[in-house]
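The values are calculated or read from the model by the stated rules, or taken from the named source; none is laboratory data. Fair warning: this is a prediction, and the values are worked out from it, not measured in the lab. We place every Cβ from the backbone using ideal geometry, glycine too, and count neighbours over all the protein chains shown.
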Amino acid sequence: MREKNPEQVWLGGQSYGGRQSSILAAEAPGLADRLLLLSYPLHAPGKPAQLRTAHFSTLSSPVLFVHGSRDPFGTLDEMRSAIQLIPAPVRLMEVEGVGHDLGRNHAALADKIVAAFLELHS
């Protein structure tokens, strides 16, 4: 991808895809210029002690997390705490009243996500 567009490579995914994207970005600094992580699965539902953040401290790309207030894979407070581990610029976009699927109005939400993602700077 870097050969096709050397100026900007973005990486991201929903849930497990976002987790895998963040792990890849942590293992290969410079691979992605920004990360978009939708409904990051911070922990398995009901298992808040088993956080999936071991790689957060090595992320060097700016990250936008989009997270629902009723997501069973992590509360907003847990997300706020976890993103403090990331040394790169991070923004948490909170989506009120929705769960892991980020609700039903994806078209309206997509516009807000794109705007927030494009505002993210290193």
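So which of L92, L59 ends up being surrounded by 15 or more Cβ atoms within 10 Å (Cβ to Cβ), more than 11 Å from the chain's Cα centre (by Cα) and at pLDDT 95 or above? Give the steps one after another, and end with the answer.
Numbers: L92 fails: more than 11 Å from the chain's Cα centre (by Cα).
Just one listed residue meets the conditions, L59.
Determine which member of the set F65, F73, F56 is closer than 19 Å to L118 by Cβ and not hydroxyl-bearing (S, T, Y). Before the answer, list the steps.
Numbers: F73 fails: closer than 19 Å to L118 by Cβ; F56 fails: closer than 19 Å to L118 by Cβ.
Sole residue among the options that is closer than 19 Å to L118 by Cβ and not hydroxyl-bearing (S, T, Y): F65.
Quick one: which of A115, A110, A82 is within 12 Å of F65 (Cα to Cα), of a type outside the set (D, E), out of contact with any strand residue (DSSP E or B) (no Cβ under 6 Å at 6 or more places or on another chain) and not in a loop (DSSP other than H, G, I, E, B)?
On the way: A115 fails: within 12 Å of F65 (Cα to Cα); A110 fails: within 12 Å of F65 (Cα to Cα).
Of the residues listed, the single one that is within 12 Å of F65 (Cα to Cα), of a type outside the set (D, E), out of contact with any strand residue (DSSP E or B) (no Cβ under 6 Å at 6 or more places or on another chain) and not in a loop (DSSP other than H, G, I, E, B) is A82.
Let me spell it out: the conditions are (1) touching a helix residue (DSSP H, G or I) at 6+ places or on another chain (Cβ under 6 Å); (2) of a type in the set (A, V, I, L, M); (3) more than 22 Å from E94 (Cβ to Cβ), and A54 meets all of them except one. Which number is the exception?
(1)
With the condition kept exactly as written, say whether any residue in segment 38-45 is in contact with a strand residue (DSSP E or B) (Cβ under 6 Å, 6 or more places away or on another chain), farther than 21 Å from G99 by Cβ and modelled with pLDDT of 95 or more.
no
Looking at (1) free of Cβ contacts under 8 Å to residues at least 24 places away in the same chain; (2) small (G, A, S); (3) closer than 29 Å to A28 by Cβ, can you tell me which one A107 breaks?
(3)
Do the conditions hold for Q50, that is, is it surrounded by fewer than 16 Cβ atoms within 10 Å (Cβ to Cβ) and either closer than 28 Å to G103 by Cα or at pLDDT 95 or above (or both)?
So Q50 passes the test.
Counting only residues that are of a type in the set (A, V, I, L, M), surrounded by 13 or more Cβ atoms within 10 Å (Cβ to Cβ) and either more than 15 Å from the chain's Cα centre (by Cα) or modelled with pLDDT of 95 or more (or both), how many does segment 95-120 have?
Taking segment 95-120 as the starting set, the residues that turn out to be of a type in the set (A, V, I, L, M) are 95, 98, 102, 107-110, 113-116, 118, 120.
When the remaining residues are screened for being surrounded by 13 or more Cβ atoms within 10 Å (Cβ to Cβ), the result is 95, 98, 102, 109, 113, 116, 120.
If we keep only those that are either more than 15 Å from the chain's Cα centre (by Cα) or modelled with pLDDT of 95 or more (or both) as well, we get 95, 98, 102, 109, 113, 116.
Number satisfying all stated conditions: 6.
Just to be sure, is L42 more than 23 Å from E119 (Cα to Cα) and in contact with a Leu (Cβ under 8 Å, 6 or more places away or on another chain)?
On the way: more than 23 Å from E119 (Cα to Cα): yes; in contact with a Leu (Cβ under 8 Å, 6 or more places away or on another chain): yes.
Yes, satisfied.
I'd like to verify a number: residues in segment 17-32 that are touching a Gly at 6+ places or on another chain (Cβ under 9 Å) and closer than 13 Å to S57 by Cα, how many?
Going through segment 17-32, the residues touching a Gly at 6+ places or on another chain (Cβ under 9 Å) turn out to be 18-22, 32.
Within this subset, residues satisfying the condition of being closer than 13 Å to S57 by Cα are 22.
Looking only at that region, the number is 1.
Of all the residues that make up segment 98-107, how many are touching a strand residue (DSSP E or B) at 6+ places or on another chain (Cβ under 9 Å) and either among the hydrophobic types (A, V, I, L, M, F, W, C) or over 18 Å from G68 (Cβ atoms) (or both)?
So the answer is 2.
Criterion first (surrounded by 16 or more Cβ atoms within 10 Å (Cβ to Cβ), under 15 Å from R19 (Cα atoms) and not small (G, A, S)) does F65 satisfy it? I'd like the intermediate steps shown before the answer.
Details: surrounded by 16 or more Cβ atoms within 10 Å (Cβ to Cβ): yes; under 15 Å from R19 (Cα atoms): yes; not small (G, A, S): yes.
Yes; evaluated as a whole, the condition is true for this residue.
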